[in-house]
Structures are given as structure tokens and as C-alpha cells.
Amino acid sequence: MHTWTWAEGAFVGAHAREASGDASSAGESAAPFPGSREPDGVRGADGAWVRVSVGATAEVDLDEGSPLVREVLRDMPHAAVSYGERDASSACGIVVVPAGMGRRREAARFAFVLRPHCLALVEDGPLARPLIERLAAEGAPVEGPADALMGLIRLLLRDQPALLSEVREDLELIEEAVLEGRERPNRALMMEDARRMLGLDTFYQGLSDIIDNLAEEGEGLASPAERLRAKALARQLDRLATRLEALQQYGLEVHSLYQESIDVHQNHVMQWLTVVTTIAMPLTFITGWYGMNFPHMALFDAAWGYPAVIVVCLAIVAAEVRFFHRRGWLRFGGGRPRRGRRDRRRGGDAA
């Protein structure tokens, strides 16, 4: 188990112990966890000391602690959405980072137990501990345990604007490929971005739940200044959620545009088949007519009969091609606008 300590808002140190440590070290290090004793001097009357501990699920006694804390810790290994709950003495919940963030192939999660004197984090993977180490390395001021929890969430949100920009760039590339019609868009990338946006949607909603509970119902766990910072963090989450909603709408429009391009291509194919069938229809009629075995059919005995039939067939084909050309049925995508370098250059010159 690892424990980090902030004194008067500044990081002062960290220490670790093994699960088989002695009773005194266990009482000091494991104090924030359910069923453990609060150590003396963790936080004085002036609130100068803040202690954050990170441990594994195996180090926590699930038979002790409040029923809400036990329920949250039992739910932690298979939780899919972040959420926060509150009881009389503490706030607890689970933070779930969706797959695809930070090069993670699977979702990562950690549980937290927030008390007036300390913050306990429980995880079975490398998520919370690196965040605490970054928070300590950056020398971030921490007023209290609630401030430490918000600092972890801020670190999780730090790369979100860049991630949303990457999704937008992917959608713009797909849109350009669809409009130009020169290559098939990357459908795997489309589905990957759709899954990523769906995961981010649940991620933002869950964090908003945690932060809103801390800002509105955090009395006794967070100071007035911490609750104000929680409201500011909630507004940041709202801005990210609004931008994500716009990207989701943009993704739906790109998908509709792609589906429309498929429909247009299918219409072109059916148009070609219709034209070819219509041109061949009178020729098929003529050959079928003269395939009948009657002895006294017209032009059978004439020397110029066969060339005459050929001329009539060619005239019919020429008349039909001219008719379809004048109707525009032989123009397959020639008038479709393209967004290429020339258009982008014109747009840059106009700007």
C-alpha cells in the first residue's frame, strides 16, 4: 500500500508498506480504508494535513466499514460507468476510464472513499497510483481530500480537448473522402470513433455525477473553497460534454453522407443497367422476330436484306444513345462537386 501526504497544501512525502507489515505501520498506512483506525496527526485541528492512500482490493477488508462502502468496493471490479454515492460519514464511488483513452485497450477503474480527514483509493490496475504520482510531482496544492480527488479528475480530463480534436480530424478526413469519391472511407475508423465517443459520453456523465454530488452535497467533506472548485470543474465537464455532443451530431451527419454516397453509387449502377437493357431491347426483338422459321418472311430473299437489318439496328442504337445523352442519363457523377486542393486553395485565397 502506498500513502502520499500533503502538509499545508504542499506535498511532503510518500511511503509504502507490504501487506504483511506490523500493526503500527498497518494502522498508519491503512487508516483511510474501511475498518481501519484513523492515525494520530493525519490532519490537525487546522486541517493542515491531507493523506491519500492507494491499495489493492486484496488489502481491503470488505466485511468492515459502512454498507455503502462495502457495496461500492464489491462493485468495483466489474463497474462500467463512473458514479458517486454519499452516506452520513463519507462519500464513495467508482471512476471508470473507458477503453481507448491513454492507449488502453480495456477499461480501467478505481474506487474512492472520501472522508473528512483522508482519501482512500482502491484499484487492481495501474491507474490511480500514476495519477497520484503525477499530482505529487507537479507540486499541485491540495487543500483537503476532496481537493485531491478533484486533482485526479483534472488529470484525467487534461488530454480530453486534444482527444476530441483527434476525433474531429478523423471525421473531417472521412467526410472529405466521401465528398471527393476517389477512395472508400475507412469504415473501421468510423466505428472506432463512434465507440470512442460513446465511451466518452458515459465517462463525462459519470464524472459529472461525482463532481455534482461533491459540489452540492459535500458539506462536511469539502470546504467552501473546494466546493467552489468543484463547481468550476463541473462547468469544465459540461463544456466537454457539449463539444462531444456536437461531435456526435457531426459523426451522424458524416455517416448519413456516407450512406447517401452508397445510395448514389447504387443508383448509378442501376442507371447503367437500365440504359444497357433499354438499348438491347429492340435489338433482341429484331433478332427474335427474324429467328422465326417461316418460309415467306420479308427480306429473306433480298440480297440487301441482311445489310438493311444491320443499318436499322445501328440507327436504333444511335437514336437511343442520343436520347439518353440529351436526358443526362449517360452522365454518371460527372457533375458532382469535388472538394480537393483547388477548392481549399480558393478558400484560403478568399480568406
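FRET efficiency for the pair HIS325 and TRP289, taken as 1/(1 + (r/R0)^6) with r the Cβ-Cβ distance and R0 = 25 Å, rounds to 0.35.
Whole-Hz Karplus values for segment 153-168 come out as 5, 4, 5, 5, 8, 4, 8, 5, x, 5, 5, 5, 5, 5, 4, 5 Hz, taken residue by residue from phi with 6.51 cos²θ - 1.76 cosθ + 1.60 and θ = phi - 60°; glycine and proline positions read x.
I'd like the FRET efficiency for ARG187 and TRP304, computed as 1/(1 + (r/R0)^6) with the beta carbon distance as r and R0 of 51 Å, rounded to 0.05.
Numbers: r = 59 Å, r/R0 = 1.16.
Step by step, r from the Cβ atoms, then E = 0.30.
Counting only protein chains, not ligands or nucleic acids, how are ASP159, ASP147 ordered by accessible area (probe 1.4 Å), most first? List each step's numbers first, then the result.
Values: ASP159 95, ASP147 15 Å².
Ranking ASP159, ASP147 by accessible area, largest first, yields ASP159, ASP147.
3J(HN,Hα) couplings calculated from phi for segment 274-282 with the Karplus curve 6.51 cos²θ - 1.76 cosθ + 1.60 (θ = phi - 60°) are, in sequence order, 5, 5, 4, 5, 5, 5, 7, 4, x Hz; Gly and Pro show x. Between GLU71 and GLU180, full extension at 0.36 nm per residue minus the direct alpha carbon distance yields a gain of 33.8 nm.
Full extension of the chain between TYR250 and GLU138 yields a length gain of 36.7 nm, computed as 0.36 nm times the residue separation minus the alpha carbon distance. For ASP159 and ALA88, a Förster radius of 35 Å and the Cβ-Cβ distance give a FRET efficiency of 0.45, rounded to the nearest 0.05. Each residue, HIS296 and THR277, gets one label point 7 Å from its Cα in the Cβ direction; the gap between the two is 3.9 nm.
Distance between the modelled labels on LEU314 and VAL264, one decimal in nanometres: 3.8 nm (7 Å Cα→Cβ projection). Once the Cα-Cα distance is subtracted from the 0.36 nm per residue extended length, the LEU228 to GLU216 segment shows a gain of 3.3 nm.
The values are calculated or read from the model by the stated rules, or taken from the named source; none is laboratory data. Since this is a predicted model, take the numbers as computed values, not measurements. We place every Cβ from the backbone using ideal geometry, glycine too, and count neighbours over all the protein chains shown. For the accessible areas, the whole protein counts, side chains as well, though only heavy atoms, and no ligand, DNA or RNA atoms are used. Shrake-Rupley method; radii C 1.70, N 1.55, O 1.52, S 1.80 Å.
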